[in-house]
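**Student:** Could you have a look at this structure, given as structure tokens, before my questions?
The values are calculated or read from the model by the stated rules, or taken from the named source; none is laboratory data. This is a predicted model, so every value here is computed, not measured. Note that each Cβ is placed from the backbone with ideal geometry, even for glycine, and that neighbours are counted across all protein chains shown.
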Amino acid sequence: MCHGGQDCENTIGSYRCMMRCGRGFRRTTDGLSCTDVDECLESHPCHQQCMNTIGSYRCACEPGFQLRNRRCIDINECRQRVCRLDQQCKNTRGGYTCIDLCPNGMTKSGNGTCVDIDECRDGTHQCRFNQICENTRGSYHCTCPRGFRSQGVGRPCVDIDECEVRHTCQHECVNTPGSHRCLCPTGYHLMANGKTCQDIDECLEQNIQCGANRMCFNTRGSYQCIDTPCPPNYQRDPATGFCLKNCPPNDLECALSPYALEYKLLSLPFGIAANQDLIRLVAYTQDGVMHPRTTFQVVDEDITLPFTLRDENMKGVLFTTRPLREPHTYRMKVRALSYSEDGAIEYQTTFIVYIAVSAYPY
Ligand SMILES: [Ca+2]
Ligand SMILES: [Ca+2]
Ligand SMILES: [Ca+2]
């Protein structure tokens with residue numbers, strides 16, 4: 001009764017031939033034709049977007065998503081290097097953002113500006129051992145304490161051997177971790193500069209009392225008590241320390257030709273060159289002024305002495321004849337003859353000169 005492609009529908013007293021519709025189609029109300037089903041409207045079969053087609057439908061995804069197993073899943077664009085190299089990529093649902101990076105050693109603050117990372121405080125620094133971490137903008141340094149030398153980041157600071165440098169100390173140098181110490185020979189004290197040595201004046205500082213007819217002779221590195229007696233019939237002048245001949249009353253000869261004895265003490269460093277003037281001896285009149293007609297000469301001249309004397313402007317200039325290269329105390333006797341205007345010896349002064357040469361050039 002109904003031909004192929006039609007369905008037969010029984011009715012009361014009769015039958016109807018109705019269109020047979022395929023998948024995705026539906027019979028019209030009159031049953032005579034087929035019309036497309038809009039699945040997108042009726043059953044929302046898609047995850048995001050639905051596109052109806054004649055007899056079917058297609059699912060699609062919003063931009064930034066891709067269809068997989070009928071579901072739209074977010075595309076991670078960051079896997080495809082979508083941002084510049086100086087930017088950081090951040091994947092979002094359906095998109096991504098490129099965030100401007102801060103330079104090395106900087107980080108984004110809450111308000112988006114780049115601020116320095118304090119590596120010293122947050123503990124990310126690589127300063128180790130005795131290194132000191134010093135934060136800088138964008139980085140940090142590993143520095144060494146005073147007296148230590150850096151070997152680079154993360155390596156221990158090594159002590160500087162100040163003693164390897166010449167002239168660190170005048171005498172002896174002792175290296176210590178982070179510093180050094182200068183030592184002085186016995187009889188010297190270290191000066192405030194921590195480097196040079198200065199003789200201790202024991203005579204003054206320790207108030208050495210050498211006793212009667214003796215004098216304390218401060219030398220470089222030591223001191224000596226030396227005998228400074230006044231010869232018989234001489235008397236020590238309390239003001240100058242000179243020995244002056246004490247003429248007996250009515251001894252006219254003695255009174256006309258007074259004698260004086262003077263001790264001179266001279267302390268020298270080691271190593272003074274030859275032909276260096278050391279001291280000028282002066283003969284005074286009884287009134288204490290320089291005698292105008294005086295000659296000087298060494299008494300019992302000893303050629304082993306590295307000194308001698310020359311006359312110069314009424315003074316006796318004592319000078320070296322050889323370099324002073326051994327520690328020693330020399331004794332030298334000098335006589336000064338002062339003449340009156342008519343050429344007679346008016347005054348005679350004897351100098352006993354002690355010259356101490358130190359073992360050190362200071
Ligand atoms: Ca920093
Ligand atoms: Ca040191
Ligand atoms: Ca001394």
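**Student:** Being surrounded by 16 or more Cβ atoms within 10 Å (Cβ to Cβ), farther than 30 Å from C203 by Cα and within 16 Å of ligand 2 (Cβ to nearest atom) is true for just one of C169, C144. Which residue is that?
**Tutor:** On inspection, the qualifying residue turns out to be C144.
**Student:** Restrict the check to region 279-293 and report whether at least one residue is surrounded by 13 or more Cβ atoms within 10 Å (Cβ to Cβ) and closer than 22 Å to S222 by Cα.
**Tutor:** Yes; the residues of region 279-293 include at least one that is surrounded by 13 or more Cβ atoms within 10 Å (Cβ to Cβ) and closer than 22 Å to S222 by Cα.
**Student:** Which residue, of D159, D122, is acidic (D, E) and either surrounded by 14 or more Cβ atoms within 10 Å (Cβ to Cβ) or within 30 Å of L183 (Cα to Cα) (or both)? Walk me through it before giving the result.
**Tutor:** Values: D122 fails: either surrounded by 14 or more Cβ atoms within 10 Å (Cβ to Cβ) or within 30 Å of L183 (Cα to Cα) (or both).
D159 is the lone residue from the list that is acidic (D, E) and either surrounded by 14 or more Cβ atoms within 10 Å (Cβ to Cβ) or within 30 Å of L183 (Cα to Cα) (or both).
**Student:** Which residues, taken from region 213-243, are modelled with pLDDT under 90 and aliphatic (A, V, I, L, M)?
**Tutor:** Scanning region 213-243 gives a single hit, A239.
**Student:** Taking strands (runs of 3 or more DSSP E) that fall entirely within region 179-264, which contain at least 2 residues that are under 43 Å from the mean Cα position of the chain (by Cα)?
**Tutor:** Those strands (runs of 3 or more DSSP E) span 179-183, 188-190, 197-199, 214-219, 222-227.
**Student:** I'm trying to understand the selection: among the residues of region 274-302, which are closer than 30 Å to E326 by Cα and in a loop (DSSP other than H, G, I, E, B)? Before the answer, list the steps.
**Tutor:** So the first thing to find is which residues in region 274-302 are closer than 30 Å to E326 by Cα, and the list is 274-282, 296-302.
Selection gives A274, N275, Q276, D300, E301, D302.
**Student:** What pairs come out if I take residues in region 191-208 that are without any contact (Cβ under 8 Å) to a residue 12 or more places away in the chain and pair them with residues that are away from ligand 1 (no atom under 16 Å from the Cβ) and of a type outside the set (F, W, Y) whose C-beta lies under 6 Å away, six or more apart or interchain?
**Tutor:** M191/Q198
**Student:** Output the number of the condition that A260 fails; it satisfies all remaining conditions of (1) loosely packed, with under 13 Cβ neighbours inside 10 Å; (2) among the aliphatic types (A, V, I, L, M); (3) under 18 Å from Q348 (Cα atoms).
**Tutor:** (1)
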